[in-house]
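Written out below as structure tokens is the structure these notes cover.
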Amino acid sequence: MTTAISITALNKSFLGGRKALQDIHLEIETGEMVALIGASGSGKSTLLRHMAGLMAGDGSAQGLVRIHGQTVQKNGKIAADIRQTRAGVGFVFQQFNLVDRLPVIVNVLAGTLHKMPLWRSLLRWFTPTELASGMEALKRVGIAECCAQRAGTLSGGQQQRAAIARAMVQGAKVILADEPIASLDPESSRKVMDILARVNQEDKCTVVVSLHQVNVAMKYCPRTVALRHGQIVFDGPSSSLTPALLRELYGADADEILALPDHISALQDKRERASSPAWPVVAARAA
């Protein structure tokens, strides 16, 4: 396998000297689906933004971030050709990052803007091929019927699926998803995670997703990277993340992580109970 994301000696300090990231060394192979977990303030979102070149690390620490061999940032400076690198990176934000007043299809086709002349992007003039590509992406995420609606009229789950469709149209080989299900209901959360898993499997796209729920990470991501106070404290198979290990890694912070409900699994359990035959209960009452 080839390396999709390579991070060496990455540090980030904020005003007041607070360390957001501390000596991060990480490699993610092409085609992996990796979860980032950790309590609030652990550095998950900050790390994703550094991967995408949306933030620069500390300049004194010789930090280096590369995606598919292209430099994103080095020694605290974003690469001069970052726009070219970002063309292959789709970023899915927690709050969707769509333009509410524009139709869904236009929001999705924003993923093609890096490929077209400025005059066409200003006029929002798309070719039949581009429109077909946008509709195909919307079909894959299950909201093709919403193509002409204003994005602001969609539910949160639908908006997140539109954001993923935008990354598909963009032709992203790496998708970075920053807590994409944090504000969604259980059914919408399941659909969004299912779609990310399909994009990973069908398109061989590398997916890195930050999550609060450990069980969701275990369900969808074979590998998990756990952060605490800006440091990587675990990097390995998601199946190894037992409650005992989490308490060993996080101490008192483990209670915050373990207390978060896994509403996707809860939804599945509810469906299974609803579909179970009623006769054993009846028989038991009769007995």
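FYI, it's all coordinate maths here, none of it is from the lab. Worth saying up front: this structure is predicted, and the values here are computed from it rather than measured. Every residue, glycine among them, receives a Cβ derived from its backbone with ideal geometry; neighbour counts consider all protein chains shown.
Of note:
- Screening Ile175 on (1) touching a helix residue (DSSP H, G or I) at 6+ places or on another chain (Cβ under 6 Å); (2) crowded, with 20+ Cβ neighbours inside 10 Å; (3) β-branched (Val, Ile, Thr); (4) over 22 Å from His25 (Cα atoms) shows it passes everything except condition (4).
- The residue that is farthest from Ile24 (Cα to Cα), among those in the range 227-250 that are assigned to a helix (DSSP H, G or I) and touching a residue at least 60 places away in the same chain (Cβ under 8 Å), is Ser238.
- Subset tally (residues that are touching a residue at least 12 places away in the same chain (Cβ under 8 Å) and surrounded by fewer than 16 Cβ atoms within 10 Å (Cβ to Cβ)) for the range 9-28: 5
- Taken residue by residue, the range 123-134 has no member that is aliphatic (A, V, I, L, M) and under 23 Å from the mean Cα position of the chain (by Cα).
- Subset of the range 33-72 [of a type in the set (D, E, K, R) and touching a Ser or Thr at 6+ places or on another chain (Cβ under 6 Å)]: Lys44, Asp58, Arg66
- Residues of the range 149-188 classified as more than 12 Å from the chain's Cα centre (by Cα), in a helix (DSSP H, G or I) and not charged (D, E, K, R), total: 14
- For the range 194-211, residues that are in a loop (DSSP other than H, G, I, E, B), surrounded by fewer than 19 Cβ atoms within 10 Å (Cβ to Cβ) and on the phi < 0 side of the Ramachandran plot total 1.
- Just so you know, in the range 135-155 the residues that are of a type in the set (Gly, Ala, Ser) and surrounded by fewer than 17 Cβ atoms within 10 Å (Cβ to Cβ) include one that is farthest from Val65 (Cα to Cα), and it is Ala148.
- Top-ranked residue in the range 29-46 [being farther than 22 Å from Val199 by Cα and either out of contact with any strand residue (DSSP E or B) (no Cβ under 6 Å at 6 or more places or on another chain) or of a type in the set (S, T, N, Q) (or both); ranked as surrounded by the fewest Cβ atoms within 10 Å (Cβ to Cβ)]: Ser40
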